[in-house]
Amino acid sequence: MDPNPSNFPILSYVMSKLPSIGPKHTPAADEFDIEQPQTLPQPPPEPHFDITERMPHLTDPKVVSAMRSAVAEVSQTRSMLKTLGERPFHELVDTAKVKLAEIEADLSKRLEEIVLSPPPLEMDRQDWRLELAVKEDEFRKAAEKEKEDYKALISLDELHEAYEKMLKDAEQRLEKIYETAVAGGDVEAIEHSSGEKSSELKEEVNEEVIGILQEALGKSVERVDLSGRQLRILPEAFGKIRSLIVLNLSNNQLAVIPDSIAGLENLEELHLSSNLLESLPDSIGLLFSLKILDVSGNQLIALPDSICHCRSLVELDAGFNKLSYLPTNIGYELVYLKRLSLSFNKLRSLPTSIGEMKSLRLLDVHFNELHGLPRSFGNLTNLEILNLSNNFSDLTKLPDTIGNLINLKELDLSNNQIHELPDTISRLDNLTVLKLDENPIVVPPKEVVVEGVEAVKAYMIKRRLDILLAEEPQIMLEEMGQTPADLLTRSTSWLSGAVSNVLGTVAGYLDGGGKSDEDHYLNQQL
């Protein structure tokens, strides 16, 4: 809830000077024991902010007072959010929106049935209309009742989104107050100002850009490299270079990409890394030929849902941004994606649809806030490199479906809070690199981990066999009331399951939902 000091340094400092949220506990008189006096808890030390060394005016009481007033709404919203809870996962919000649409559609259908239903012959028309009105009102109330929880979830998400925008605006106001203080101006006067932004000088389009445009519009140009030119504006006219295949705009100061980029219908590579982008235009979803998209090193909070329409994408790099979620349907659409880099973001979860990226070879999500992986993750059977490192206290376990990643070669789990590996990790026959540093790992023991990946797999196989063998006598005792034929059938089933779980050689047999003709004959004989 509190602003991140690295993103909002001044705001974070000012918020630390505001009163703490919630009532403070003061010990009652009868709690004091003169014979055994209790040590009163010491207040937490005030956080140290290096920013005061770089910006000494922040210690000026007048400046701090003006800044406190400027962020009052931020403080109130923060207090409210602390009561309501964390922001819900994006996939849950999308599901809630779908449910609302379904409820509305169902309501419309019911109301239509009411209108079209013929009145009974023995009933007066006026009475019939009154009865229909009562039914309609009941259906509407029931629909509203059903929508309450979904609306609440969406409202909470919208409140968090508004709060994040509020943080950004507040930081800009505080910067303006500080600049006024440095210039010797009246900081109290600026506090009551309308908050209008200082007029910005009209940007002049780079002459080199103009030259390229003139050349491109005169003849067919396939590649344009404008990296490292300090560009602040990309002219709308760029969307007219329909012959363009590769466009490199990396290492500039672009804050906006124009919607006209949708006109680059033949574009296959778009490099936008190391700019100042906070969002991508929805029109980017019209780049149907796009194969490589690099938007790393920007300030993106989210990827537009329309990016799912770029179905030709093979590589997507969105690392070093501020992404907190991915589009819910991204996996259903980007089925040809082979490399997905999302490191250094704020992702708390991956959408269930990611399991549909069957072509994925590399997935890098290190330095995020992942709480876990969806079970559908096991469908990524072509995945070769998986980096889940540095999710720290958030990542505590892996789904057992990770054992289905039969082509996985490298798995980095370092710097997390994983205590136990799933037994299914022993199925990863192609795994040659396994990093588990800085985890409170218990299973397998650390002495096994240091011996390498093969020792880990061997240990997990033996552990699974020991568990199965220990469980079987108890299962046998519980089944003693059954007939010998039933008991033998149960043992046969157990043996098949054990072989499948440990060696993975008959996974398809068990997952097929049925038995072969030979099994049917065997059961008849038993």
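For this structure, a couple of remarks:
- Residue count for region 173-199, restricted to those that are at pLDDT 70 or above and surrounded by 15 or more Cβ atoms within 10 Å (Cβ to Cβ): 5
- Note on region 270-293: among residues that are among the hydrophobic types (A, V, I, L, M, F, W, C) and within 10 Å of ILE257 (Cα to Cα), the one that is surrounded by the fewest Cβ atoms within 10 Å (Cβ to Cβ) is LEU277.
- Flag if ILE261 is among the β-branched types (Val, Ile, Thr) and either modelled with pLDDT of 95 or more or more than 30 Å from ASP157 (Cβ to Cβ) (or both): no
- The single condition among (1) modelled with pLDDT of 70 or more; (2) closer than 30 Å to ALA96 by Cβ; (3) not aliphatic (A, V, I, L, M) that TYR163 does not satisfy is (1).
- Scanning region 263-287 for residues that are over 27 Å from GLU91 (Cα atoms) and in a helix (DSSP H, G or I) gives a single hit, GLY263.
- Any hit, region 333-343, residues being crowded, with 17+ Cβ neighbours inside 10 Å and aromatic (Phe, Trp, Tyr): no
- Criterion (farther than 23 Å from ARG375 by Cα and modelled with pLDDT under 90) met by exactly one of LEU510, LEU487: LEU487
- Yes/no for LEU132 being in contact with a helix residue (DSSP H, G or I) (Cβ under 6 Å, 6 or more places away or on another chain), under 30 Å from LEU92 (Cα atoms) and modelled with pLDDT of 70 or more: no
- Test: residue in region 81-94 that is modelled with pLDDT under 75, open to solvent by less than 90 Å² (accessible area, probe 1.4 Å), outside any helix (DSSP H, G or I) and farther than 30 Å from SER353 by Cα: no
- Residue that is farthest from ASN251 (Cα to Cα), among those in region 309-325 that are open to solvent by 10 Å² or more (accessible area, probe 1.4 Å) and among the hydrophobic types (A, V, I, L, M, F, W, C): VAL314
- Residues in region 87-116 that are of a type in the set (A, V, I, L, M) and either free of Cβ contacts under 8 Å to residues at least 12 places away in the same chain or closer than 21 Å to PRO351 by Cα (or both): LEU92, VAL93, ALA96, VAL98, LEU100, ALA101, ALA105, LEU116.
- Scope region 294-308; condition crowded, with 20+ Cβ neighbours inside 10 Å and in a loop (DSSP other than H, G, I, E, B); matching residues: VAL295, SER296, GLY297, ASN298, LEU300, LEU303
- Any chance LEU290 is in a loop (DSSP other than H, G, I, E, B), under 16 Å from LEU340 (Cα atoms) and more than 20 Å from the chain's Cα centre (by Cα): yes
- Test result for GLY239, in contact with a Gly (Cβ under 8 Å, 6 or more places away or on another chain), in contact (Cβ under 8 Å) with a residue 24 or more places away in the chain and open to solvent by 20 Å² or more (accessible area, probe 1.4 Å): no
- On the stretch given as region 444-454, residues that are surrounded by fewer than 16 Cβ atoms within 10 Å (Cβ to Cβ) and either touching a Lys or Arg at 6+ places or on another chain (Cβ under 8 Å) or more than 17 Å from PRO422 (Cβ to Cβ) (or both) total 6.
- Within the set ARG463, ARG427, the sole residue that is modelled with pLDDT under 95 and within 31 Å of the chain's Cα centre (by Cα) turns out to be ARG427.
- Hits in region 352-409 (condition: small (Gly, Ala, Ser), in a loop (DSSP other than H, G, I, E, B) and under 20 Å from GLU420 (Cα atoms)): GLY372, SER389, SER393
- Selection count where residues are surrounded by fewer than 23 Cβ atoms within 10 Å (Cβ to Cβ) and without any contact (Cβ under 8 Å) to a residue 40 or more places away in the chain, scope region 389-401: 9
- Residue match in region 415-425 (condition: in contact (Cβ under 8 Å) with a residue 24 or more places away in the chain, open to solvent by 30 Å² or more (accessible area, probe 1.4 Å), out of contact with any Ser or Thr (no Cβ under 9 Å at 6 or more places or on another chain) and not aliphatic (A, V, I, L, M)): yes
The values are calculated or read from the model by the stated rules, or taken from the named source; none is laboratory data. Predicted model only: the values in this text are computed from it and were never measured. With ideal geometry, Cβ positions are generated from the backbone for all residues, glycine too; neighbour counts draw on all protein chains shown. Surface accessibility is based on the protein's heavy atoms, side chains included, excluding ligands, DNA and RNA. Shrake-Rupley method; radii C 1.70, N 1.55, O 1.52, S 1.80 Å.
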